[in-house]
Amino acid sequence: MSIPKWVSVVFAALLAAGPLGPTAAVAQTSATAPLAPMQSMQPETVDEGATTPPGTGAKIGAGVLNVVYLPGKVITCTAGTLVAGVFMLATFGSAYREAGSFFKEGCGGAWLLTPEQVAAVPKKVQLEY
């Protein structure tokens, strides 16, 4: 049984570079403060007073969309809670973080849509591409 020469060379290179890996990682870290981005890279900020409040259509739309969104959120939260409970029972409590993430995914976040979300009124920063 013979080992090809190139496998031996690759193995020797990996073996030699192994102790140098942590040294290379330390060499890449910088003790200097990060540079401030250029002004052209900064997003254009929108004044709080410059944004128009959502209109009547956005308010009505938020109410209509909440008729579907809220029951969907309840179903998603219930399903996430059930899955988290089953997951905790199946793993005898050892997968607490994973079960918690199932619960938070379904039950976290906003439970109602606001007129600002429906109208897509920017809050602080407006990015243009």
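Bear in mind these aren't lab numbers, they're just calculated from the coordinates by the rules spelled out. If you're wondering where the values come from, they're calculated on a predicted model, not measured in any experiment. Neighbour counts run over all protein chains shown; Cβ positions are idealised from the backbone, glycine included.
Order by neighbour count: 52, 114, fewest other Cβ atoms within 10 Å first, most last.
If I rank by nearby Cβ atoms, fewest first, I get 52, 114.
Within a 10 angstrom radius of the beta carbon, how do 86, 118 rank from fewest other beta carbons to most?
Listing 86, 118 from fewest to most nearby Cβ atoms yields 86, 118.
Test of understanding: ordering 91, 56 by Cβ neighbours within 10 Å, fewest first, what list do you get?
56, 91
Reported to two decimal places, what Rg/Rh ratio describes the stretch 55-119 when computed on Cα atoms with Rh from the Kirkwood expression?
Rg/Rh for the stretch 55-119 comes to 1.21.
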